[in-house]
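Just below is one structure, and these are the notes that go with it.
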Amino acid sequence: MIDTAIYKERLQEDLDRITPQLQELGIHNPEVKEDWIALPQDGEIGVADENVAADRAEALEERIATLEALERSYNDIVRALSKIEAGTYGICEIGGETIEEERLEADASARTCMAHMDDELELSV
Ligand SMILES: [Zn+2]
């Protein structure tokens, strides 16, 4: 039996760390709770100088990439926490096996066992 209390605490800590980072980069989509929208910074829109505009577009793209990675982690954590509540935590979403403790130690929000690790990215939100 997996001691979920340890993982719950760890996931909650991760969530508390990631949420302010997400809030800094974007806003939570009010219609789709899994989605965060990147915010352009002051002056990023409507710049006349082409080079400046290109630099800023690049900076925005980087922020979107960072935001997407954070968003994925955030959603994985929220999902893991709700699985703890539902009593389905630690079960591989692909094969239904028990996820190895070693794997959960490394990533408390893991959705699959080690054998199905490579397929985890294929899973939908
Ligand atoms: Zn599996």
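Looking at Ile18, Ile6, can you tell me which residue is modelled with pLDDT of 85 or more, among the β-branched types (Val, Ile, Thr) and in contact with a Leu (Cβ under 8 Å, 6 or more places away or on another chain)?
On the way: Ile6 fails: in contact with a Leu (Cβ under 8 Å, 6 or more places away or on another chain).
Checking each option against the conditions leaves just Ile18.
So which of Leu39, Leu70, Leu81 is touching a residue at least 60 places away in the same chain (Cβ under 8 Å), at negative phi, more than 16 Å from the ligand (Cβ to nearest atom) and not basic (Lys, Arg)?
Within the list Leu39, Leu70, Leu81, the selection yields Leu81.
Residue check: is Ala53 free of Cβ contacts under 8 Å to residues at least 12 places away in the same chain and among the aliphatic types (A, V, I, L, M)?
Numbers: free of Cβ contacts under 8 Å to residues at least 12 places away in the same chain: yes; among the aliphatic types (A, V, I, L, M): yes.
Yes; evaluated as a whole, the condition is true for this residue.
List the pairs whose first member sits in the stretch 99-116 and is at negative phi, whose second member is part of a helix (DSSP H, G or I) and small (Gly, Ala, Ser), and whose Cβ atoms are under 6 Å apart, counting only residues at least 6 apart or on separate chains?
Ser109/Ala80
For the stretch 103-123, state whether one or more residues are aliphatic (A, V, I, L, M), closer than 13 Å to Thr4 by Cα and within 9 Å of the ligand (Cβ to nearest atom).
no
Kindly indicate which of Leu104, Leu123 is more than 22 Å from Gly26 (Cβ to Cβ) and modelled with pLDDT under 95.
Going through Leu104, Leu123 in turn, just one is more than 22 Å from Gly26 (Cβ to Cβ) and modelled with pLDDT under 95: Leu123.
The values are calculated or read from the model by the stated rules, or taken from the named source; none is laboratory data. Just so it is clear, the structure is predicted and the values come from calculations on it, not from any experiment. Reconstructed Cβ throughout: ideal geometry from the backbone, glycine too, with neighbour counts over all protein chains shown.
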